[in-house]
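**Student:** My questions all concern the structure below.
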Amino acid sequence: KKAHLTQAQLGAQLHLSKNSISNYERNQDEPPDDTKIKLAKILGVSVDYLTGASDNPSPYVDASNTVRLPAGMPPQAWDELRLFIDYLKFKYLQHKEP
């Protein structure tokens with residue numbers, strides 16, 4: 001959900017059926033390791049995060065340049081954050097005073 005992908009869209013990227021994705025989400029089936037790696041890349045998280053071995057979705061990202069929203073924030077909060085980041089880029093990177 002955080003990636004804003006439907007099961008069908010995610011399945012298409014992984015060359016899997018929507019049913020396979022559903023089974024993975026409901027822990028009725030476990031994807032093979034190569035699928036876990038592809039899934040982690042698509043979602044921008046680590047395989048450890050996908051498997052529950054870590055609570056940190058991106059352990060290799062420089063945290064000094066990362067914005068993390070508190071757990072439970074609705075999807076529209078991400079949309080608003082993206083808009084605000086666009087505003088800040090405009091204000092500080094494109095709209096410089098002479």
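The values are calculated or read from the model by the stated rules, or taken from the named source; none is laboratory data. This structure is a prediction, so every number in the text was calculated from the model and none was measured. Ideal geometry is used to build each Cβ from the backbone, glycine not excepted, and the neighbour counts take in all protein chains shown. For accessibility, only protein heavy atoms count, side chains too; no ligands or nucleic acids. Shrake-Rupley method; radii C 1.70, N 1.55, O 1.52, S 1.80 Å.
**Student:** Angle, helix 33-43 long axis vs. longest principal axis of the chain, Cα atoms, 0 to 90°, nearest 10?
**Tutor:** Helix 33-43 and the main axis of the chain meet at about 30 degrees.
**Student:** To the nearest 10 square angstrom, how much accessible area does Tyr49 have with a 1.4 angstrom probe?
**Tutor:** Roll a 1.4 Å probe over it and Tyr49 shows about 80 Å².
**Student:** Run the helix sum for the chain: -39,500 (n - 2.57) per DSSP H stretch of 4+ residues, divided by residue count, reported at 222 nm to the nearest 500 deg cm²/dmol.
**Tutor:** So the calculated ellipticity at 222 nm is -14000 deg cm²/dmol.
**Student:** Of all the accessible heavy-atom surface of the chain, with the other protein chains kept in place and a 1.4 Å probe, what percent is carbon and sulfur?
**Tutor:** Result for the chain: 54 percent of the exposed heavy-atom area is carbon or sulfur.
**Student:** So how far apart, in nm, are the two label points at Gln9 and Asp86 if each is 7 Å from Cα heading toward Cβ?
**Tutor:** It works out to 1.6 nm between the two label points.
**Student:** State, to one decimal in nm, how far the label point of Val47 lies from the label point of Leu93, with both points 7 Å from Cα in the Cβ direction.
**Tutor:** 3.2
**Student:** If the cut-off is a Cα-Cα distance under 18 Å, which lysines reach Lys38, setting aside same-chain residues fewer than 8 apart in sequence?
**Tutor:** Cross-link targets: Lys1, Lys2, Lys18.
**Student:** Under 8 Å for C-alpha pairs, at least 6 residues apart: give me the relative contact order for the chain, rounded to a whole percent.
**Tutor:** 13
**Student:** Another question, then. Of the listed values (1) 1.36; (2) 1.15; (3) 1.21, identify the label whose number matches Cα Rg over 2.2 N^0.38 Å calculated from this model.
**Tutor:** Answer label, from the structure shown: (1).
**Student:** While we're here: Charges at C-beta only: +1 for Lys and Arg, -1 for Asp and Glu. How large is the resulting dipole of the chain about its Cα centre, in Debye rounded to 20?
**Tutor:** On the way: 12 positive and 12 negative charges, 63 e Å.
Once rounded to the nearest 20, the dipole reads 300 debye.
**Student:** Can you give me the accessible area per residue for segment 1-45, using a 1.4 Å probe, in Å²? Present the calculation step by step, with values, prior to reporting the outcome.
**Tutor:** Values: 3260 Å² over 45 residues.
For segment 1-45, the solvent-accessible area averages 73 Å² per residue.
**Student:** I'd like the FRET efficiency for Gln28 and Trp78, computed as 1/(1 + (r/R0)^6) with the beta carbon distance as r and R0 of 30 Å, rounded to 0.05.
**Tutor:** My answer for the efficiency is 0.55.
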